[in-house]
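The values are calculated or read from the model by the stated rules, or taken from the named source; none is laboratory data. Please read all numbers here as calculations on a predicted model, not as lab measurements. Here the Cβ positions follow ideal geometry from the backbone for every residue, glycine too, while neighbour counts run over all protein chains shown. Remember, those area values only see protein heavy atoms, side chains included, never the ligands or the DNA or RNA. Shrake-Rupley method; radii C 1.70, N 1.55, O 1.52, S 1.80 Å.
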Amino acid sequence: NGQLLPIRVGFRGVMPQHHLVWKPSLRLKFNRNMLLDGFRNHLLIAPEDGVGFRNWLSSELSRQWGFLDTGDHFVRLFINNRYMGVYNRMWRLDESLFIHSGRLPGSIFKLEHIDKREFTRVWSSWHYLEGWKKISKDSKEAGKKLLRIIDIAFDEMMVNESFTRRELAQRLEKLNEYIDRESFAKYLALLCHSGESHVDNKHNNVFWFDSVTGKMNPILEDINGYDFPSQKKGQIHRRITKNQGAFIQAWMQDPNNF
């Protein structure tokens, strides 16, 4: 915008491809009184594919379906007057995201917010509350809500043939009270369409708790789908349902959801 603004710059991500000196992924943090485009935190992601298409397409489809999204869009990056190429720019999961999307602030839950190796060693699954980051004004109260939903989902996965039809219906309907059926169905459809393999029972599960409806709505983040075929047949041959992402198996127990 023709201005020089003070910022903090840090590397983003833990994998080697995020730290390549010729194509680093960066996190920019602006001063509170000098925001850029209304956001303080900007993420610049070096595309893993040549044109940055893979994550952008999933985000664009989610926007067309009315999802709360992280604003993935393309920018050209220059560092010290050197052109670094095309990047994906997106926003962090914070209150600014609600303000610019026209939604009321609510809790956001993100799986695997700690060191990946430590998470895999200690918990290694979505049904442990400790593995979730609670982005909320009252993280303790938000954690109680999430634990309630996790317990219901885990309970529904334990259905067996001894239940009567009434008992089964009562158990399966509980999860629908907390997870928005339409948005979750669309979420799974997008994951299947992209052939993703980056959302599983350990990471990249993100949900927004809508304080108006009282239900969880998924947020697409770092789906990494639409891969080119590889020696392992590529991501286009994989299914999200076999990766057992958060709440999926329990939600699919209900024939209406299926």
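Among (1) modelled with pLDDT of 85 or more; (2) among the aliphatic types (A, V, I, L, M); (3) touching a Phe, Trp or Tyr at 6+ places or on another chain (Cβ under 8 Å), where does Leu104 come up short?
(1)
Among what's in the stretch 20-44 and is touching a Ser or Thr at 6+ places or on another chain (Cβ under 7 Å) and open to solvent by less than 20 Å² (accessible area, probe 1.4 Å), pick the residue that is modelled with the lowest pLDDT.
The extreme case among them is Phe39.
May I ask you to list pairs of residues, at least six apart or on different chains, whose Cβ atoms are under 6 Å apart, with the first in the stretch 196-216 being under 19 Å from Tyr178 (Cβ atoms) and β-branched (Val, Ile, Thr) and the second being buried (at least 20 other Cβ atoms within 10 Å of the Cβ) and modelled with pLDDT under 90?
Partner pairs satisfying both residue conditions: Val206/Glu221.
Quick one: which residue in Gln17, Gln3 is surrounded by fewer than 18 Cβ atoms within 10 Å (Cβ to Cβ), among the polar types (S, T, N, Q) and not in a helix (DSSP H, G or I)?
Answer to the selection: Gln3.
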